[in-house]
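> The structure is given below, and queries will be raised subsequently.
The values are calculated or read from the model by the stated rules, or taken from the named source; none is laboratory data. Because the structure is predicted, anything quoted here is derived from the model rather than measured. Positions of Cβ are generated from backbone atoms using ideal geometry, with glycine treated the same way; all protein chains shown enter the neighbour counts. Ligands, DNA and RNA are stripped out before the accessible areas are found, and what is left, the full protein with its side chains, is counted by its heavy atoms. Shrake-Rupley method; radii C 1.70, N 1.55, O 1.52, S 1.80 Å.
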Amino acid sequence: MPFIRFFDEISNKDVSIVGGKNASLGEMYCNLSSKGIRVPFGFATTAQAYRTFLTESGLIEPLTHLLSTLNPDDMDSLSQVAAKIRALILDAPLPKSLTEAIISAYRTLSTHYNLQDISVAVRSSATAEDLPNASFAGQQESFLNISGEDRLLEHVLRCYASLFTDRAISYRHRNGFDHMHVSLCVGVQKMVRSDQASSGIMFTIDPDSGSNTLIIINSTWGLGENIVGGKINPDEFTVFKPTLNSYKTILKRTLGSKRLQMIYDPNNLTRTLNIDTPLPLQYQFSLNDEEIISLAQNALSIEQHYSTLAGCQTPMDIEWAKDALDGQLYIVQARPETVQSLKRKNFSLLTYQFDGEPIKNKLLTGTAVGEKIANGRVRVIHDSSEFHLFQEGEVLVTDNTDPDWEPVMKKASALITNRGGRTCHAAIIAREIGVSAIVGTTDATTQLVDGQEVTISCAEGEVGYVYEGILPFHVNSLDLSDCGEPRTHLYLNIGDPQSAFHYAQLPNHGVGLARMEFVINNTIKAHPLALIDMMEGKTPPNEDDIRILMRGYQDAKHFFQEKIMEGIGTICAAFYPKPVIVRTSDFKSNEYRHMIGGEAYEKNEENPMIGFRGASRYNSQVYRKAFEWECEALQKVRDEMGLSNMQLMLPFVRTPQEGKNAIAIMNTQGLVQGVNGLKIYAMCEIPSNVILADEFLKIFDGYSIGSNDLTQLTLGVDRDSTLVSSIFDERNEAVKRMLKMAIDACKKEGKYIGICGQAPSDYPEITQFLVNEGIESISLNPDSIVKTWKLVVELENTPS
């Protein structure tokens, strides 16, 4: 039939016949079902059907005329012309031949599933859609849970009309598509009963950092339109691709509020409605680990298939749904991702930074979309009737956007919403048009007012910040061309896992210092001994606050360990397979006291810098259990997540015996030197580490010099005291002699020697000294890696 194609008659080559969405569904149904990917069966109306409708209804001339009067940059003109075109289409009857073809195909689909009047999803699919250079995400309408022949015909017509929504016209104009040369096809697909289960979206690329080693999954209870429409803050899961076939490498689980749930209307099962999600479900992840991995494997198979078809890496944007009736996961859409995949590989990296250290009064936080900083005056827009109030360059603040907002979004300096996640339509369009956005702030529309000056920052990791006032910032363009390749390994110091994939784009040989305390302080937040007390049935201080942090996790131990696994695993994955040296937790007692519940477990020390820290803490009966938990989590990063590029380093080991005792504890938790390539280093940061290097190096696989503490203890200077800060200088001859002794000792024993302190990042002359002494690696702060990289190449190629 020229008007109908069933999915088993369609391939990805049929975009001009059935539209991008339908072509993709047919491609997957025919070619990926054998690989375990479930695509609900269905059919598509063709481009010929649409053109026949326009011709027999006499619509071509009036539509062409109305479009000729359009000024797409004038919001009023756009709205008026679009409304007139949609009215003409909705008032026109479908041709008899097309009506009969649709009804016949619908009956065939119902028979295929042994049902009468099967419930279907009715989705628009344009012939200019889901293309490698334009997603057309959400530009036309889709309708869920449609059953009955009359309702199906009605919604086919509504799909046709949706080709001329304000947003679709504006989007085609911006991307250079002729309105009358685009045909609208309709996909009719068996409905997946996710109303009583879960559904969502996944990307086979990080839509913000552009890392193609990640799969990002968003999920919510009920039908997935709430994610697509940005009406809820979904759960988010991050999965690492390179180890997916052998390990369950879930790098991160983020619990969303999921306040709304779209279900079938219990009073009319042919319609849908939103209800408040029950609180127990809001506090529960909408996917379990097995389902997360299953979806990720599906996503990887789909990406590999489309990459083969395209002859190049093709990241995908995929919609999925879980059926409550059979418990299976289904793929209901797949299209090429169009933002990160279009960015050309270049030799510069743009980074946004605030000027100096401005006073930042934080007003709101949400999910960052992109990596930029922007500012302007607030304009709160409640609905489309207020679009005319919006002025070019203002910060658009609203509850949530749908694709109808695209014309006003492209005039904004930035976007802030109450609701939405990183994969909603607002986020996708914001990335496409280059507008910085913070979504899911909860209450931006009540906390911000018209005319208020604000700065939004998406440059500080996954969390986006809204600050009061216009804060000055600058854009750095790091030239990555002609960097050369140094013989000395240059590593990065990394604390925040959120920034790891961004910094991994810099030239580097791995990570010389991954700080465990950042993960504990920023994601766990509760004192480890408070969590241990909870596991033992005791009541720690601030238990209610801790239980809020633990939502979505089985118990206190799982919470503690999975947060470590997620944080450290993310850093290891970002740099995989390069080495990542993780320093076990090195809090001082005063820092532990500031954690939730901490005051009950930490004594006041006169000088915590040289007090209860490092190996002394690990070996104590007071803290040993917490260190065992930490080690067990790290063992799982290597052996369960498959990130064996992680190596370990113990801080502040005062004596060789302390080192032996700490390693013995690590051994009980499966961390054994040499097993699966594990190396355990020590921080060389105490004079005893230098003086007794021969003894320490019998125990450890090498040293990483901590120049901050080594300088402090060599010169007898409290580095936290401003009274003697002028004496603290890593370039002091006594410190340099200590550095040389440590390097020489490691070289003599054939052990690893690196440095991860601040000195090389601050002083080029220290870098030169270290290179001349033959240090194996230098670990630097990200902001100094490029200049130091070029310096080291120059030093190594300059005749002595």
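> I'd like the full set of residues that are within 27 Å of V519 (Cα to Cα) and among the acidic types (D, E), limited to the range 461-482.
E462, the sole residue that qualifies.
> For the range 562-579, state whether one or more residues are open to solvent by less than 10 Å² (accessible area, probe 1.4 Å) and more than 21 Å from the chain's Cα centre (by Cα).
no
> Which one is farthest from S77 (Cα to Cα), of the residues in the range 140-153 that are among the aliphatic types (A, V, I, L, M) and outside any helix (DSSP H, G or I)? Write out each step before concluding.
Taking the range 140-153 as the starting set, the residues that turn out to be among the aliphatic types (A, V, I, L, M) are 144, 146, 152-153.
Of the ones still in play, those that are also outside any helix (DSSP H, G or I) are 144, 146.
Details: L144: 31, I146: 33 Å.
Among residues in the range 140-153 that are among the aliphatic types (A, V, I, L, M) and outside any helix (DSSP H, G or I), the one farthest from S77 (Cα to Cα) is I146.
> Working only within the range 46-78, note down all residues that are in contact (Cβ under 8 Å) with a residue 60 or more places away in the chain and open to solvent by less than 50 Å² (accessible area, probe 1.4 Å).
Matches in the range 46-78: T46, A47, A49, Y50, F53, L63, L67, L70, P72, M75, L78.
> Restricted to the range 126-144, and to residues that are buried (at least 23 other Cβ atoms within 10 Å of the Cβ) and touching a Leu at 6+ places or on another chain (Cβ under 7 Å), which residue is modelled with the lowest pLDDT?
Only one residue fits best here, namely Q140.
> Being open to solvent by 50 Å² or more (accessible area, probe 1.4 Å), touching a helix residue (DSSP H, G or I) at 6+ places or on another chain (Cβ under 9 Å), touching a residue at least 40 places away in the same chain (Cβ under 8 Å) and in a helix (DSSP H, G or I) is the filter here, so list the residues in the range 523-548 that pass it.
T523
> Follow-up question, since we're still on this one. Could you grab me the full set of residues in the range 385-408 that are without any contact (Cβ under 8 Å) to a residue 40 or more places away in the chain, touching a helix residue (DSSP H, G or I) at 6+ places or on another chain (Cβ under 8 Å) and surrounded by fewer than 24 Cβ atoms within 10 Å (Cβ to Cβ)?
The one that is without any contact (Cβ under 8 Å) to a residue 40 or more places away in the chain, touching a helix residue (DSSP H, G or I) at 6+ places or on another chain (Cβ under 8 Å) and surrounded by fewer than 24 Cβ atoms within 10 Å (Cβ to Cβ): F390.
> Quick one: which of E628, E658, E640, E605 is open to solvent by 40 Å² or more (accessible area, probe 1.4 Å) and touching a residue at least 40 places away in the same chain (Cβ under 8 Å)?
Just one listed residue meets the conditions, E640.
> Here's something else I'd like to know. Taking the condition touching a Pro at 6+ places or on another chain (Cβ under 7 Å), open to solvent by 20 Å² or more (accessible area, probe 1.4 Å) and outside any strand (DSSP E or B), does R431 pass? So that I can check it myself, show each step before the final result.
On the way: touching a Pro at 6+ places or on another chain (Cβ under 7 Å): yes; open to solvent by 20 Å² or more (accessible area, probe 1.4 Å): yes; outside any strand (DSSP E or B): yes.
The answer is yes for R431.
> Of everything in the range 713-732, what is among the aliphatic types (A, V, I, L, M) and outside any helix (DSSP H, G or I)? Give them in sequence order.
V717, the sole residue that qualifies.
> In the range 302-322, how many residues are in a helix (DSSP H, G or I) and buried (at least 17 other Cβ atoms within 10 Å of the Cβ)?
4
> Looking at the range 434-487, which of its residues are under 24 Å from N508 (Cβ atoms), open to solvent by 60 Å² or more (accessible area, probe 1.4 Å) and part of a loop (DSSP other than H, G, I, E, B)?
E462, D482, E485, R487
> Right, here's the next one. Taking strands (runs of 3 or more DSSP E) that fall entirely within the range 228-269, which contain at least 3 residues that are open to solvent by less than 10 Å² (accessible area, probe 1.4 Å) and at pLDDT 95 or above? Don't jump to the end; show me each part of the working.
Working: elements: 235-240, 250-254, 260-265.
Fully inside the range 228-269 and qualifying: 235-240.
> Hey, could you check the range 80-91 for residues that are small (G, A, S) and either at pLDDT 95 or above or surrounded by 18 or more Cβ atoms within 10 Å (Cβ to Cβ) (or both) and say which is farthest from V408 (Cα to Cα)? Quick ask: steps written out before the conclusion?
Quick first cut of the range 80-91, residues small (G, A, S) only: 82-83, 87.
Among the residues that remain, those that are also either at pLDDT 95 or above or surrounded by 18 or more Cβ atoms within 10 Å (Cβ to Cβ) (or both) are: 82, 87.
On the way: A82: 16, A87: 23 Å.
Checked the range 80-91; the qualifying residue farthest from V408 (Cα to Cα) is A87.
> Related question: Check the range 187-200 and report whether any residue there is within 16 Å of H425 (Cβ to Cβ) and at pLDDT 90 or above.
yes
> Of the conditions (1) of a type in the set (G, A, S); (2) crowded, with 24+ Cβ neighbours inside 10 Å; (3) under 18 Å from the mean Cα position of the chain (by Cα), A414 fails just one. Which one is it?
(3)
> Return the total of residues in the range 789-799 being hydrophobic (A, V, I, L, M, F, W, C) and either under 29 Å from the mean Cα position of the chain (by Cα) or open to solvent by 50 Å² or more (accessible area, probe 1.4 Å) (or both).
1
> Taking only the range 324-353 into account, find how many residues are over 16 Å from E432 (Cβ atoms), open to solvent by 30 Å² or more (accessible area, probe 1.4 Å) and either at pLDDT 80 or above or part of a loop (DSSP other than H, G, I, E, B) (or both). Outline the logic, then answer.
Residues of the range 324-353 that are over 16 Å from E432 (Cβ atoms), as a first pass: 324-334, 345-353.
From the residues that got through so far, the ones that are open to solvent by 30 Å² or more (accessible area, probe 1.4 Å) too are 324-328, 330, 345-348, 350, 352-353.
Those still in the list that are either at pLDDT 80 or above or part of a loop (DSSP other than H, G, I, E, B) (or both) too: 324-328, 330, 345-347, 352-353.
Result for the range 324-353: 11.
> Looking at I778 and the list (1) buried (at least 18 other Cβ atoms within 10 Å of the Cβ); (2) under 35 Å from the mean Cα position of the chain (by Cα); (3) in a helix (DSSP H, G or I), which single condition is not satisfied?
(3)
> Moving to a separate point now. Residues of the range 283-334 being under 28 Å from D555 (Cβ atoms) and among the charged types (D, E, K, R), which ones?
Selection gives D289, E290, E291, K322.
> Y623 versus (1) open to solvent by less than 20 Å² (accessible area, probe 1.4 Å); (2) closer than 23 Å to S779 by Cβ: which is the lone unmet condition?
(2)
> Would you be able to say whether some residue in the range 154-175 is assigned to a strand (DSSP E or B), open to solvent by 10 Å² or more (accessible area, probe 1.4 Å), of a type in the set (D, E, K, R) and modelled with pLDDT of 95 or more?
no
> Residues V735, V786: which one is at pLDDT below 95, open to solvent by less than 50 Å² (accessible area, probe 1.4 Å) and not in a loop (DSSP other than H, G, I, E, B)?
That would be V786, the only listed residue that is at pLDDT below 95, open to solvent by less than 50 Å² (accessible area, probe 1.4 Å) and not in a loop (DSSP other than H, G, I, E, B).
> Determine, yes or no, whether R123 is at negative phi, at pLDDT below 95 and not in a helix (DSSP H, G or I).
Spelling it out, R123 is indeed at negative phi, at pLDDT below 95 and not in a helix (DSSP H, G or I).
> So which residues in the range 678-703 are touching a helix residue (DSSP H, G or I) at 6+ places or on another chain (Cβ under 9 Å) and either among the charged types (D, E, K, R) or surrounded by fewer than 21 Cβ atoms within 10 Å (Cβ to Cβ) (or both), if there are any at all? Don't jump to the end; show me each part of the working.
Step one: of the range 678-703, the residues touching a helix residue (DSSP H, G or I) at 6+ places or on another chain (Cβ under 9 Å) are 678, 680, 682-700, 702-703.
Correct list: L678, E685, P687, S688, I691, L692, D694, E695, K698, I699.
Yes/no per residue for (1) of a type in the set (A, V, I, L, M); (2) open to solvent by 60 Å² or more (accessible area, probe 1.4 Å); (3) in a helix (DSSP H, G or I); (4) modelled with pLDDT of 95 or more:
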position	(1), (2), (3), (4)
P2	no, yes, no, no
R5	no, yes, no, yes
D8	no, yes, yes, yes
V15	yes, no, yes, no
G26	no, no, yes, yes
C30	no, yes, yes, yes
I37	yes, no, no, yes
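> Take the residues of the range 750-775 that are farther than 17 Å from P651 by Cβ and in a loop (DSSP other than H, G, I, E, B): which is farthest from the chain's Cα centre (by Cα)?
So the residue we want is G750.
> I need the full set of residues from the range 184-215 which are open to solvent by less than 10 Å² (accessible area, probe 1.4 Å) and not hydrophobic (A, V, I, L, M, F, W, C), in order please.
Of everything in the range 184-215, those that are open to solvent by less than 10 Å² (accessible area, probe 1.4 Å) and not hydrophobic (A, V, I, L, M, F, W, C) turn out to be G187, Q189, S194, D195, S198, S199, G200, T204, P207.
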